[in-house]
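Peer 1: Attaching a single structure in structure tokens format; questions to follow.
The values are calculated or read from the model by the stated rules, or taken from the named source; none is laboratory data. Just so you know, these numbers come straight off a predicted model, no measurement behind them. Cβ: placed from backbone, ideal geometry, glycine included. Neighbour counts: every protein chain shown. Areas reflect the complete protein model, heavy atoms only, side chains present, ligands, DNA and RNA absent. Shrake-Rupley method; radii C 1.70, N 1.55, O 1.52, S 1.80 Å.
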Amino acid sequence: MTLCGVRGVQQFLKHGTSPFFRYASFRLASTGAAMDFADTRVAYSSHTDKELRRSLLVLKLSSLDTFVDRSLQLMSLGETLLPARLYEKLMKQTFYGQFIAGETDAELLETAERFFAAGIRSIPQAAIEDELEEEELLAADIGDIPEKNLDRNVVLLEECLGIGEKVTECGGRNDHHNTKVAFKVSAVVHPKLLTHLSPAVAPSGQLPVATVAELSAMMERHAVNHGYIDAYTRALERLHRLMQKVEASRLTALFDAEYSYMQPAICALVLIMQSEYNKRQPVVYNTQQAYLKASLPFYAIHIHQPLCSTDYLI
């Protein structure tokens, strides 16, 4: 693979994601005992001196407001003025290299092995994300959703699951169910649809306070009334296809929280997946936003009720 173009690097710098790589990043989670980052010898034992110097440089530059505010212009200027190979090398040795675990399967697994040796688990993530503003999404025609692109994204995410399966073998272990692969719902359900569905399930703009059956009925009714039931149906099909693959791989899926204006629909869709695939054991995990005002009634419905009825786990 080759380094992504300026749009991909811009998005990567702003959000830590790159839509042009199959496996964009490894997110770190400690195994067993909590990692003590005050013990720098242990916390950074998996990093070389060169990587630590790069981290310090990136941290320093990212703390400068002027640099951050003009970073997109600086990257565009660099790509215009510098030879392609020099620009690629510069990005790989700084911001790109800081956050991206590797460009190939072999590089990703090498990184995972190195972190595992330091007592750190890796969570592969195929970061496929479009940067669209809320006003643009609300004004967009649902009929223009690029379904073929979303179908291709499912294939890319399935490939990421293949990496997840290989990560389970790091250090000679075979730990499928404790290996998580991170996803974004917007990779397979277009942000246009998510933004239009969100007010239907959470008029307050926070968490959807209703049962799974009620949420499903709300979204389906809203899709029918506004003429995009086909897009909604295909979105559910893609999510089910992906979760079936996760279940068959004996891995677990972790869904990220995303922009607030589409998060209610994302939360509702993940709950629907949990009600289907978490009946015997947790397969689908959501990002719980406990700081929101609506979190208490949300948990009252979606935690206490499932545990009492033993329907599903969240």
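Peer 1: Name the residues in the stretch 41-54 that are modelled with pLDDT of 90 or more and surrounded by 14 or more Cβ atoms within 10 Å (Cβ to Cβ), would you?
Peer 2: Arg54
Peer 1: Six or more apart or on different chains, Cβ under 8 Å: which pairs go from a residue in the stretch 240-267 that's farther than 16 Å from His190 by Cβ to one that's part of a helix (DSSP H, G or I) and open to solvent by 60 Å² or more (accessible area, probe 1.4 Å)? Could you list them?
Peer 2: His240/Glu276; Met243/Glu276; Ser249/Glu165; Leu251/Glu165
Peer 1: Limited to the stretch 55-83, what total is found for residues that are assigned to a helix (DSSP H, G or I) and either in contact with a Leu (Cβ under 9 Å, 6 or more places away or on another chain) or open to solvent by less than 70 Å² (accessible area, probe 1.4 Å) (or both)?
Peer 2: Matching residues across the stretch 55-83 total 11.
Peer 1: Moving on to the next point. Could you grab me the full set of residues in the stretch 254-274 that are touching a Phe, Trp or Tyr at 6+ places or on another chain (Cβ under 6 Å) and open to solvent by less than 30 Å² (accessible area, probe 1.4 Å)?
Peer 2: Listed by number, the residues that qualify are Phe255, Val270, Gln274.
Peer 1: Also: From the set of residues in the stretch 228-253 that are of a type in the set (Gly, Ala, Ser) and within 25 Å of Glu214 (Cβ to Cβ), which is surrounded by the fewest Cβ atoms within 10 Å (Cβ to Cβ)?
Peer 2: The residue in question is Ala231.
Peer 1: Just to be sure, is Lys184 modelled with pLDDT of 90 or more, among the charged types (D, E, K, R) and touching a Ser or Thr at 6+ places or on another chain (Cβ under 9 Å)?
Peer 2: Answer is yes for this residue.
Peer 1: Moving on. Does the stretch 131-142 contain at least one residue that is in a loop (DSSP other than H, G, I, E, B), open to solvent by 20 Å² or more (accessible area, probe 1.4 Å) and either in contact with a Ser or Thr (Cβ under 7 Å, 6 or more places away or on another chain) or at pLDDT 75 or above (or both)?
Peer 2: no
Peer 1: For the stretch 91-106, state whether one or more residues are over 29 Å from Ile163 (Cβ atoms) and surrounded by fewer than 12 Cβ atoms within 10 Å (Cβ to Cβ).
Peer 2: Scanning the stretch 91-106 turns up no residue that is over 29 Å from Ile163 (Cβ atoms) and surrounded by fewer than 12 Cβ atoms within 10 Å (Cβ to Cβ).
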